[in-house]
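Got a structure here, written out as structure tokens. Questions coming.
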Amino acid sequence: MSRMAGSGVALSTTEWPRLRVRIAGNSDPWLFLFVALLATAGVAFVYSASYFISTSDFGDGYRMTVKHIVSGVIGMVLLYVCSRCPSDFLERKAYWIFGLTLPMLLLTIIPGVGECANGACRWVPLGFFNLQPAEFVKVGFIIATCAWLTRVSDRLRNPIYGMAPVFGMVGLLGLVLLSQPDFGTTALLGALSVLLLFLGGVPAWQLAGPTALLSVLAGFLVYLEPYRVKRLVVFLNPDADPQGVGWQLRQALIAFGSGKVFGQGIGASTQKSGWLPEAHTDFIFSVIGEEAGLLGASAIVVLFALLAWRGFRIAHRHSEPFAQLLAAGLTLLITLQAMVNMGVVLGLLPTKGIGLPFLSYGGSSMMAFLAASGILLSLSRELRER
Amino acid sequence: MRSRNRFSSNLLLVAACCALGGAGIVGRMVFLSVVRGDQMLEEGLREKCHDSVHLAYRGPIVDRNGVVLATTVSASMVSREKPYVYDVAHAALLAPLLGQDRTVVDERLRDGGNSFLWLSSGVDEDTATAIRNLTIPGVGIHVSQQRSYPQGVAAAHVIGFAGRDSKGLEGVEKLFDDQIRGESVTVNVCTDIHGRAFLSNSEDTGLNRGATVHLTLDATLQSIAEAELTKQVNAVNAAAGAVVMMDPHTGEILALANVPTFDPNEVDASPLAARRNRVVTDLFEPGSTMKPFVIAGALDAGLITQEEKFFCENGHFYVEGWHKPIRDHHPYGWLDTTGVIRVSSNICSAKIGLILGPRRLYDYLNAFGFDRPTNIEMPGERRGMVLPPEKWHKIQNTTISFGQGISVTAMQLAAAYSTLANDGVRMQPRIVQRVTDQYGSTLKSFPLQEERRVVSSEVARQMRQMLATVVGKGGTAARAQIDGVPAAGKTGTAQKAEHGGYSSERWLSSFAGFFPVENPRVVVVVMIDEPKGAVHYGGLVAAPVFKAIAEDSLDYLGIERELPLPKDDSDRFFLPGPGDSTEIVTASSGAPVTAPSGSGVMPDLRGLPLRLAMKALGDSNRDVHVEGHGFVVGHEPAAGHPLDPSASVSLKLAQNL
């Protein structure tokens, strides 16, 4: 039975069957299973969704899939390494870890160094591979923020220690990210920082004001960029510009809806043949819906839900405040990004440009999320080994 | 220090919010998939898919022996498309294969990134393979149908041509478009964003082929007609020319040539005028070529006889009610009917026309096929014009008798001469034998059809005899004489009408004839439009084309050249008249042969077997050196050169002419 029984918290009442599998020592095999299932589904759907674009861009339909698998393998190594990092080590080295991710991010905005695509310069060319530093910055930011909030946990009611440095850091990162530009990641970091502050102990009433302010700021940024305004207009009225900005969303909805309940069959998407832009990256969930139907897409949602459940369970059960906050933060990173991505694809949110964790094509994202999963596994092992 | 309970309850709150968000997402998913699913699917298909008409393979057009005149080939088209990346080296590789200038290719490759464009249409299979082997990403080969005319300009006006959308636009291509085109199949094709069909949806309808049209044309005769016509049109610097060859017993068109002509493979390169099938679309005033039908009518009606004599008024003949006289080129006194034809007297033709009278004259002309369409399977045929006799002024009874004041087509003329050649029975002219499907079974046939008897068999025979004299000595068309085969025909020279009168500079020379005289195999009509220069008479301009065509085709048609022994009054054939003969012994056989010596001119012996050549040389004593076997292909001295009675002759023979 749970140690937390009697605390009245519902999270602890469910006891999961114990998997007799040892993964990364004594860590949570269920967590690993869900991550592995999502990543495997990702490989399958990236293959299906990227074949057309890969053929037309590189003359080789398998090229993107192979790259995706290679990043998956590297990501798995990262996952294993991270699963071996104890939480106190992460806590001690938190700022170093965060600091390591920053120079790369700065490189992206140096003209001539950053690699651009579709008008956004988010990558650093490494020869064999284009790195997207923002993916790692998100993980580093969470680790550093959790460390900081744990350290100043008794002074959090004072905004000087709580909100100011955290929002300040988001602001600084935002300056770099927005010049790429990467509005989606900035917004995601903002949302994550609010949630971490809340979980870290900042009273909700204190957060309300700055959160509202941030939202207004976000609105202002949208207003500044005509293409974001267009996206918003289209989001509010998808038929406003069916051949232009509305095109992608319309194609995404057509793709998802066409799958109906049982899907058109794996590999049978027609929307991926150039009709739906970014079918293999940000809009892969549409292709999943088209090929695997409501049932398949629901299975993905369920996997994310189960993953979130295991993540929050670690946060709930861990004895160390830093580890608790970190588990919650990383779980939220995965969950929030997944929800925002699905929201965009399904037409619930304006188009952002962030991928679906574990599933979208993109090596950096794959590696960063597998690394984050590794940290979660490490934290889960500490639960079990105690 | 924050409290554990506080953290847990906050975490629960956040998790609950996530669950709420997740529920919203799932709700939206259900809405899209279940409620809107069908609508979305339909909307997507409407965008991605369209009805595509798969054209059937356009059927071939072949001549009477199966020679392919029009066919459909797979044409490979070269494109630049995604993911092409420009490289300066590509133009150097592609330009020689595409047969284009390197700088032009380079420019096209460089411009517009990798957006789709055609680099070349219709490259052959070898070139396509070579381009494929270059493996330049984004340089693609697309295969489509293309109409091809393997014989080039041959019979271009008969075949016509088909447009890019595989629709027949002219000639047989147009007239038989429905059959040739076959049934196109409409397929709902779904494509990717670049418009390429998904493999799973593309349907091969290649088995669906259009019908084959079998023409009556003979490609060999067609090329002979075209070559000789072109030669003469160039020689006399004429504006245009046309030739029709018809089998009089079947009404089948064996050859139909027009100059100027065009290459149906490159229609756009030709002016519109070059695409006109003048044989059926152009009307002309026939002139003297009409006289035989007037005389045949009078003979058939029993109003005159072949031997009857007419007074040709010594060149001037005033018809009552008309201020100008009818003239002949040379003044003639008394001529019999044959003479009227032979010298082509306008005055006596007019007199015979008057004997026949307007009603019967019109009826005969009409029965011969004038003032009515021939109904040949050619688009744009005109019927010509002969005024109805009620509207004739008396002078028209005479002018029409020598072919003025009416208009006809070369096709009508050919059919009319065929009637005389076919013992007076008119056959329905036709140019298509049958239409067969892709398996060879006949879909539609055009059987021989006897239209009507126009004149009696006896009158037709008399006409052939009389027309033979035209080609003989003293006839107007001595230049139509064919070596070894008696021929018959009639010349025509018409001033072209302009400004309400007749031009003194623009002429239309024609010749209509057939060979051999008895049991004619082929009727040939030749038109030469606006020959420049001093010579414009049909006998000098058009008749030589008839002769050349006939001589070129004798062997192909298997018409045996007969070699009548020299007769006292005949130099119709190439043999010189008889004279002093000297006995000689040939080097090879030792047999005595005769050779003509009186004329002292070497005959043309080419094409003759040795035995006939020896006979032709006469029985004079002369050295004849023979080299080779078979037929004479050359000799020394050459034809027309002086031949001394005692001079030696060397003959060169070969198995194939």
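The values are calculated or read from the model by the stated rules, or taken from the named source; none is laboratory data. Not measured: the values here are computed from a predicted model. Quick reminder, even Gly has a Cβ in these numbers, built from the backbone with ideal geometry, and neighbours come from all protein chains shown. Quick note on the areas: whole protein, heavy atoms, side chains included, nothing else; ligands and nucleic acids left out. Shrake-Rupley method; radii C 1.70, N 1.55, O 1.52, S 1.80 Å.
List every residue pair whose Cβ atoms sit under 6 Å apart, with the two residues 6 or more apart in sequence or on different chains, where the first one lies in segment B:336-354 and is in contact (Cβ under 8 Å) with a residue 12 or more places away in the chain and the second, anywhere, is of a type in the set (Phe, Trp, Tyr) and part of a helix (DSSP H, G or I).
B:ASN346/B:PHE402; B:SER349/B:PHE402
Related question: If only one of B:GLU518, B:GLU560, B:GLU530 is charged (D, E, K, R) and free of Cβ contacts under 8 Å to residues at least 24 places away in the same chain, which one is it? Break it down into steps so the answer makes sense when it comes.
On the way: B:GLU518 fails: free of Cβ contacts under 8 Å to residues at least 24 places away in the same chain; B:GLU530 fails: free of Cβ contacts under 8 Å to residues at least 24 places away in the same chain.
Criteria check complete, one pass: B:GLU560.
Among the numbered conditions (1) more than 9 Å from chain B (Cβ to nearest Cβ); (2) free of Cβ contacts under 8 Å to residues at least 24 places away in the same chain, tell me where A:LYS352 comes up short.
Unmet condition: (2).
Then there's this: Across segment B:623-645, what is the total count of residues that are open to solvent by 90 Å² or more (accessible area, probe 1.4 Å), over 27 Å from B:GLY558 (Cα atoms) and modelled with pLDDT under 75?
Of the residues in that region, 0 qualify.
Could you figure out which of (1) open to solvent by 10 Å² or more (accessible area, probe 1.4 Å); (2) within 13 Å of the chain's Cα centre (by Cα) isn't true of A:LEU348?
With respect to (1) open to solvent by 10 Å² or more (accessible area, probe 1.4 Å); (2) within 13 Å of the chain's Cα centre (by Cα), A:LEU348 is out only on (2).
While we're looking at this one, here's another question. Output yes when any residue across segment B:311-323 is hydrophobic (A, V, I, L, M, F, W, C), assigned to a helix (DSSP H, G or I) and either more than 17 Å from B:GLN396 (Cα to Cα) or outside the structural domain of B:SER407 (by TED's automatic domain parsing) (or both), and no when none is. Working first, answer last.
Going residue by residue through segment B:311-323, those that are hydrophobic (A, V, I, L, M, F, W, C) are B:311-312, B:317, B:319, B:322.
Among the residues that remain, those that are also assigned to a helix (DSSP H, G or I) are: none.
No, because not a single residue in segment B:311-323 is hydrophobic (A, V, I, L, M, F, W, C), assigned to a helix (DSSP H, G or I) and either more than 17 Å from B:GLN396 (Cα to Cα) or outside the structural domain of B:SER407 (by TED's automatic domain parsing) (or both).
Does B:ASN258 satisfy the criteria of being polar (S, T, N, Q) and either within 22 Å of B:VAL545 (Cα to Cα) or open to solvent by 50 Å² or more (accessible area, probe 1.4 Å) (or both)?
On the way: polar (S, T, N, Q): yes; either within 22 Å of B:VAL545 (Cα to Cα) or open to solvent by 50 Å² or more (accessible area, probe 1.4 Å) (or both): yes.
Judged against the criteria, B:ASN258 is a match.
What is the one condition in (1) closer than 30 Å to B:GLY66 by Cβ; (2) in contact with a His (Cβ under 6 Å, 6 or more places away or on another chain) that B:TYR149 does not satisfy?
Result: B:TYR149 passes all but (2).
A:TRP205 fails exactly one of the following numbered conditions: (1) within 14 Å of another protein chain (Cβ to nearest Cβ); (2) crowded, with 19+ Cβ neighbours inside 10 Å; (3) without any contact (Cβ under 8 Å) to a residue 24 or more places away in the chain. What is the number of that condition?
If we test A:TRP205 against (1) within 14 Å of another protein chain (Cβ to nearest Cβ); (2) crowded, with 19+ Cβ neighbours inside 10 Å; (3) without any contact (Cβ under 8 Å) to a residue 24 or more places away in the chain, just (2) comes out false.
Among the listed residues A:GLY209, A:GLY184, which satisfies the condition of being part of a helix (DSSP H, G or I) and under 26 Å from A:PHE369 (Cβ atoms)? Give the steps one after another, and end with the answer.
Values: A:GLY209 fails: under 26 Å from A:PHE369 (Cβ atoms).
Result: A:GLY184 is the single residue among A:GLY209, A:GLY184 that is part of a helix (DSSP H, G or I) and under 26 Å from A:PHE369 (Cβ atoms).
Can I ask one more? Just checking, how many residues over segment B:60-94 are part of a loop (DSSP other than H, G, I, E, B) and closer than 28 Å to B:ILE193 by Cβ? Step through it out loud before you land on a result.
Filtering segment B:60-94 for residues part of a loop (DSSP other than H, G, I, E, B) gives B:60, B:63-67, B:81-87.
So of that shortlist, the ones also closer than 28 Å to B:ILE193 by Cβ come out as B:81-87.
So the answer is 7.
For B:GLU313, all conditions in the list (1) modelled with pLDDT under 90; (2) surrounded by fewer than 20 Cβ atoms within 10 Å (Cβ to Cβ) hold save one; what is the number of the exception?
(2)
Another question, then. Keeping to segment B:431-463, report how many residues are under 14 Å from B:SER418 (Cβ atoms) and open to solvent by 70 Å² or more (accessible area, probe 1.4 Å). Reasoning before the result, please.
Looking only at segment B:431-463, we keep the residues that are under 14 Å from B:SER418 (Cβ atoms), and these are B:431, B:448-455, B:460, B:463.
Subsequent filtering for residues that are open to solvent by 70 Å² or more (accessible area, probe 1.4 Å) retains B:448-450, B:453.
Going through segment B:431-463 one residue at a time, the tally reaches 4.
Pull up segment A:273-311, narrow it to residues that are of a type in the set (Phe, Trp, Tyr) and over 20 Å from A:ASN26 (Cβ atoms), then point me to the one that is nearest to the other protein chains (Cβ to nearest Cβ). Before the answer, list the steps.
Narrowing segment A:273-311 to residues of a type in the set (Phe, Trp, Tyr): A:275, A:283, A:285, A:304, A:309.
Now drop any that are not over 20 Å from A:ASN26 (Cβ atoms), which leaves A:275, A:283, A:285, A:304.
Values: A:TRP275: 6, A:PHE283: 14, A:PHE285: 9, A:PHE304: 8 Å.
For segment A:273-311, the residue satisfying everything is A:TRP275.
Okay, moving on. Of (1) at pLDDT below 90; (2) not in a helix (DSSP H, G or I), B:GLY539 satisfies all except one. Which?
Result: B:GLY539 passes all but (2).
So, one more: Would you confirm whether any residue within segment B:216-233 is small (Gly, Ala, Ser) and more than 20 Å from the chain's Cα centre (by Cα)? I'd like the intermediate steps shown before the answer.
Taking segment B:216-233 and keeping what is small (Gly, Ala, Ser), we get B:219, B:223, B:225, B:227.
This time we only want the ones that are more than 20 Å from the chain's Cα centre (by Cα), so: none.
No, segment B:216-233 contains no residue that is small (Gly, Ala, Ser) and more than 20 Å from the chain's Cα centre (by Cα).
Which of (1) assigned to a helix (DSSP H, G or I); (2) within 14 Å of chain A (Cβ to nearest Cβ) is the odd one out, the single condition B:LEU97 does not satisfy?
The number of the failed condition is (2).
Given the structure, is B:ASN133 of a type outside the set (D, E, K, R) and within 14 Å of chain A (Cβ to nearest Cβ)? Give the steps one after another, and end with the answer.
Details: of a type outside the set (D, E, K, R): yes; within 14 Å of chain A (Cβ to nearest Cβ): no.
Taking the combined requirement at face value, the residue does not satisfy it.
Yes or no, residue by residue, for (1) open to solvent by less than 70 Å² (accessible area, probe 1.4 Å); (2) more than 8 Å from every other protein chain (Cβ to nearest Cβ):
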| position | (1), (2) |
| --- | --- |
| B:ALA16 | yes, yes |
| B:GLY37 | yes, no |
| B:LEU45 | no, yes |
| B:ILE61 | yes, yes |
| B:ALA70 | yes, yes |
| B:SER76 | yes, yes |
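Scan segment A:120-158 for residues that are closer than 23 Å to A:LEU207 by Cα and open to solvent by less than 50 Å² (accessible area, probe 1.4 Å) and report the count. Break it down stepwise before answering.
Filtering segment A:120-158 for residues closer than 23 Å to A:LEU207 by Cα gives A:138-158.
From the residues that got through so far, the ones that are open to solvent by less than 50 Å² (accessible area, probe 1.4 Å) too are A:138-147, A:149-150, A:152-153, A:156.
Within segment A:120-158, residues that are closer than 23 Å to A:LEU207 by Cα and open to solvent by less than 50 Å² (accessible area, probe 1.4 Å) number 15.
Give the number of residues within segment B:494-511 that are touching a helix residue (DSSP H, G or I) at 6+ places or on another chain (Cβ under 7 Å) and at pLDDT below 85. Can you show your working first?
Restricting attention to segment B:494-511, the residues satisfying the condition of being touching a helix residue (DSSP H, G or I) at 6+ places or on another chain (Cβ under 7 Å) are B:494, B:509-511.
Still in the list and also at pLDDT below 85: B:494.
Residues flagged as touching a helix residue (DSSP H, G or I) at 6+ places or on another chain (Cβ under 7 Å) and at pLDDT below 85 within segment B:494-511 amount to 1.
Taking segment B:232-248 only, how many residues are modelled with pLDDT of 95 or more and open to solvent by 10 Å² or more (accessible area, probe 1.4 Å)?
So the count comes out to 1.
While we're on this one: Answer yes or no: is there a residue in segment A:251-259 that is part of a loop (DSSP other than H, G, I, E, B) and free of Cβ contacts under 8 Å to residues at least 40 places away in the same chain. Steps first, answer last, please.
So in segment A:251-259, the residues part of a loop (DSSP other than H, G, I, E, B) come out as A:259.
From what's left, free of Cβ contacts under 8 Å to residues at least 40 places away in the same chain: A:259.
Yes: one or more hits.
Within segment A:33-50, can you find the residues that are in contact with a Lys or Arg (Cβ under 8 Å, 6 or more places away or on another chain) and of a type in the set (Phe, Trp, Tyr)?
Correct list: A:PHE34 only.
Pick out the one residue from B:ARG147, B:ARG102, B:ARG80 that is charged (D, E, K, R), open to solvent by less than 20 Å² (accessible area, probe 1.4 Å) and at pLDDT 85 or above. Outline the logic, then answer.
On the way: B:ARG147 fails: open to solvent by less than 20 Å² (accessible area, probe 1.4 Å); B:ARG102 fails: open to solvent by less than 20 Å² (accessible area, probe 1.4 Å).
None of the others qualify; the one that does is B:ARG80.
Restricting the first residue to segment A:145-162 and requiring it to be within 11 Å of another protein chain (Cβ to nearest Cβ), which pairs with a second residue that is in a loop (DSSP other than H, G, I, E, B) and open to solvent by 20 Å² or more (accessible area, probe 1.4 Å) meet a Cβ separation below 6 Å and a spacing of at least six or different chains?
Filtered contacts from segment A:145-162: A:VAL152/A:TYR161; A:SER153/B:MET1; A:SER153/B:ARG2; A:ASP154/B:MET1; A:ARG155/A:TYR161.
Still on this structure: Return the only residue of A:ALA292, A:ALA328, A:ALA305 being without any contact (Cβ under 8 Å) to a residue 12 or more places away in the chain and not β-branched (Val, Ile, Thr).
After applying the criteria, what remains is A:ALA305.
Only one residue in B:ASN10, B:ASN65, B:ASN5 is at the interface with chain A (Cβ under 8 Å from one of its Cβ atoms), surrounded by fewer than 15 Cβ atoms within 10 Å (Cβ to Cβ) and either on the phi < 0 side of the Ramachandran plot or more than 38 Å from the chain's Cα centre (by Cα) (or both). Which one?
Details: B:ASN10 fails: surrounded by fewer than 15 Cβ atoms within 10 Å (Cβ to Cβ); B:ASN65 fails: at the interface with chain A (Cβ under 8 Å from one of its Cβ atoms).
Checking each option against the conditions leaves just B:ASN5.
If you don't mind, another one. Please work out which residue is farthest from B:VAL319 (Cα to Cα), limiting yourself to segment B:359-376 and to residues that are of a type outside the set (S, T, N, Q) and surrounded by fewer than 20 Cβ atoms within 10 Å (Cβ to Cβ).
It comes out as B:PRO373.
What are the residues in segment A:254-272 that are polar (S, T, N, Q), facing another protein chain (nearest Cβ under 7 Å) and open to solvent by less than 30 Å² (accessible area, probe 1.4 Å), if any? Quick ask: steps written out before the conclusion?
Restricting attention to segment A:254-272, the residues satisfying the condition of being polar (S, T, N, Q) are A:258, A:264, A:269-271.
In the following step, the residues that additionally are facing another protein chain (nearest Cβ under 7 Å) were identified as A:258, A:270-271.
Residues satisfying the conditions are A:SER258, A:GLN271.
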